[in-house]
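The values are calculated or read from the model by the stated rules, or taken from the named source; none is laboratory data. The structure presented is a predicted model; accordingly, all values stated were derived computationally and were not measured. Virtual Cβ from ideal backbone geometry, glycine too; neighbours counted across all protein chains shown. Heads up: the accessible areas ignore ligands, DNA and RNA and are worked out on the full protein's heavy atoms, side chains in. Shrake-Rupley method; radii C 1.70, N 1.55, O 1.52, S 1.80 Å.
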Amino acid sequence: MSELKAGLKHRINMINTALEEYLPEKENPQAVIYRAMRYSLFAGGKRLRPILMLEAAVMCGGEWEDVKPFACAMEMIHTYSLIHDDLPAMDNDALRRGMPTNHIKFGEDIAILAGDALLNKAFEVASSANYANPARAIKALSVLAESSGTEGMIGGQVVDIAAEGRKIALSDLQYIHLLKTGAIIRSACVIGGIMAGADKEQLEAVDMFAKNLGVAFQIRDDILDVVGNEEVLGKPIGSDEVMEKNTYVTISGLERSEQLVKEYSEKAKDALKIFGEKAQFLTELTDYLVNRNN
């Protein structure tokens, strides 16, 4: 585990260095928006999605430089979604990663604009890089846009909002998370494969891995909202219940949710078997993520 954590720290440092290149501090009339963007972008976090993209690319024969712009773009999109999720009109959270949320720090108006700006910056970064294989980049851009839009993350958020305060079936919850959480986790891995020149079989395996990992990751999130440590999580626990949100725990119970985490994580790891030893890091990362306490 110590070796995995060292590997994660190294990758996080690589990603943070790249993010600094793409989003440096600015001193101009609109400097506040850069401060707000950077405040949330550099507030910590696992950098899970860019790490998944990097490792999927390496597993398929690529390297960091192949996916660097897309990995940073993906993290910007993820961060913008968190800023907007925390707003009073959405989850109304005051803490994120142990720090005041963006709208608490900068006000609702700037927080909304910071989220918007990160989304725009993501596509600016991903579309303006000098790629060795432009055709692959165009395909990857399409995947990035779809996964973060109305048939992906935003669509899942819309259905989730509509479900608040009423009981829904487990199949409905699975649909929400397939889009809201799962879509950009899947696209992170698929983009990694695309940019590395993966063949059809490899892309299908990477997608199946990411699909199951995304479900396991979300269920673990739902469990932590019930049994987690608020100081370790860096945000209040029990917020799902307060907001009358449907979760795997409220629908299936805590014990069954724990079983589901194991089932989906095993499916995720099984999908990687075609890659042999090249999948070792992602296999170990899967175990780490589904047993995490934050």
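The table below gives the values:
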read-out: Subset of the range 2-23 [within 22 Å of the chain's Cα centre (by Cα) and either of a type in the set (Asp, Glu) or not in a helix (DSSP H, G or I) (or both)]; value: GLU20, GLU21, LEU23
read-out: Yes/no for TYR264 being closer than 22 Å to ASP93 by Cβ, of a type outside the set (Lys, Arg) and at pLDDT 90 or above; value: no
read-out: Of all residues making up the range 1-26, the number that are in contact (Cβ under 8 Å) with a residue 60 or more places away in the chain, under 22 Å from PHE217 (Cβ atoms), surrounded by 15 or more Cβ atoms within 10 Å (Cβ to Cβ) and among the hydrophobic types (A, V, I, L, M, F, W, C); value: 2
read-out: Contacts under 6 angstrom Cβ, first residue in the range 184-209 being farther than 20 Å from HIS78 by Cα, partner modelled with pLDDT under 95 and outside any loop (DSSP other than H, G, I, E, B), 6 or more apart; value: none
read-out: Options LYS121, LYS167: the member that is in contact with a Leu (Cβ under 7 Å, 6 or more places away or on another chain) and open to solvent by 20 Å² or more (accessible area, probe 1.4 Å); value: LYS121
read-out: Search result, residues across the range 72-116 that are free of Cβ contacts under 8 Å to residues at least 60 places away in the same chain, under 18 Å from the mean Cα position of the chain (by Cα) and part of a helix (DSSP H, G or I); value: CYS72, MET76, THR79, TYR80, LEU82, ILE83, HIS84, GLY115, ASP116
read-out: Elements of type helices (runs of 4 or more DSSP H) contained in the range 248-294, each with 3 or more residues being under 19 Å from LEU8 (Cβ atoms); value: 254-271, 280-290
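Here is a yes/no grid of residues against (1) at pLDDT 95 or above; (2) of a type in the set (A, V, I, L, M, F, W, C); (3) out of contact with any helix residue (DSSP H, G or I) (no Cβ under 7 Å at 6 or more places or on another chain):
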site	(1), (2), (3)
SER2	no, no, yes
ILE15	yes, yes, no
TYR22	yes, no, no
ARG38	yes, no, yes
LYS46	no, no, yes
PRO50	yes, no, no
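Yes/no matrix, rows are residues, columns are (1) surrounded by 15 or more Cβ atoms within 10 Å (Cβ to Cβ); (2) under 23 Å from VAL249 (Cα atoms):
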{"residue": "THR150", "(1), (2)": "no, no"}
{"residue": "GLY155", "(1), (2)": "yes, yes"}
{"residue": "VAL190", "(1), (2)": "yes, no"}
{"residue": "ALA210", "(1), (2)": "yes, yes"}
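The rows are residues; the columns are (1) over 23 Å from LEU213 (Cα atoms); (2) among the charged types (D, E, K, R); (3) buried (at least 18 other Cβ atoms within 10 Å of the Cβ).
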| position | (1), (2), (3) |
| --- | --- |
| ASN28 | yes, no, no |
| ALA57 | no, no, yes |
| GLY61 | no, no, no |
| PHE70 | no, no, yes |
| HIS78 | no, no, yes |
| ASP93 | yes, yes, yes |
| ILE110 | yes, no, yes |
